[in-house]
Amino acid sequence: MDVEGVRKFLRSLPHVAETRQWGDNLVFWVGDKTKGGKMFALINLDDESRLGRQPVVFSFAADPERFHELLEIEGVMPAPYLARAKWVALAGWNVFRKAELEDLLRQAHTRVFDKLPKKVKAAL
């Protein structure tokens, strides 16, 4: 997959909003950010931010039970600033096959949706 393929897939999931934040990052939310939505994925479009460290092209919320297992895969690392929340980061777009990545993203979306407060879910 690539940026556009992942972006298209993420936007096809229910109740997903996209914002551009923190430099040149596309942030994907379950629900509207301004109405209590929570982020579940982030695409880094800023090539300059990769200088001097391992590149990160994409990050997402991982299943806490699989977090350490995913980190054993080449090209997967703890997500900068979000690892304590069990997010993983990918060094490239070819770390996972398309179907596997889509499954991981569906799980991230569902997990974040399930944690939303009842009031936020009702507004969706």
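Taking Lys and Arg as +1 and Asp and Glu as -1, the other residues whose beta-carbon sits under 13 Å from that of R66 total -4. Taking the alpha carbon gyration tensor of the chain, multiplying each eigenvalue by 5 and rooting it gives semi-axes of 23, 16, 14 Å, largest first.
If I fit a long axis through the Cα atoms of helix 98-115 and take the longest principal axis of the Cα atoms of the chain, what angle between them do I get, 0 to 90°, rounded to 10? Once rounded, one gets 40 degrees. A helix-only calculation puts the chain at -9000 deg cm²/dmol for mean residue ellipticity at 222 nm, using -39500 (n - 2.57) for each DSSP H run of at least four residues, averaged over all residues.
Among T110, T34, T19, the largest mean-square fluctuation in a Gaussian network model of the chain, built with springs joining Cα atoms closer than 10 Å, belongs to T34. Computed extension length for L71-A83: 3.2 nm, one decimal, from 0.36 nm per residue of separation with the Cα-Cα distance subtracted. Taking the Cα centre of the chain as origin and assigning +1 to Lys and Arg Cβ atoms and -1 to Asp and Glu Cβ atoms, the resulting dipole is close to 740 debye.
Just checking the listed ones, L82, L105, L26: in the Gaussian network model of the chain with Cα springs under 10 Å, the one fluctuating most is L82.
The long axis of helix 3-12 is offset from the longest Cα principal axis of the chain by roughly 20 degrees. Just to verify a number: FRET efficiency for A122 and A99, C-beta to C-beta distance, R0 = 25 Å, to 0.05? With a Förster radius of 25 Å, E is 0.15. Annotated for the chain: lysine pairs at least 8 residues apart or interchain, Cα distance under 14 Å, count 10.
Across E69, E102, E18, mean-square fluctuation computed from a Gaussian network of the chain (C-alpha pairs under 10 Å connected) peaks at E69.
Can you tell me the relative contact order of the chain? Whole percent, Cα pairs under 8 Å, sequence separation 6 or more.
Details: 186 pairs, mean separation 29.2, N = 124.
Relative contact order comes out at 24 percent.
All of the numbers you see were taken from the coordinates with simple rules; none came from a lab. Remember, predicted model here, so these are calculated numbers, not experimental data. In this analysis, Cβ positions are derived from the backbone assuming ideal geometry, glycine residues included, and neighbour counts consider all displayed protein chains.
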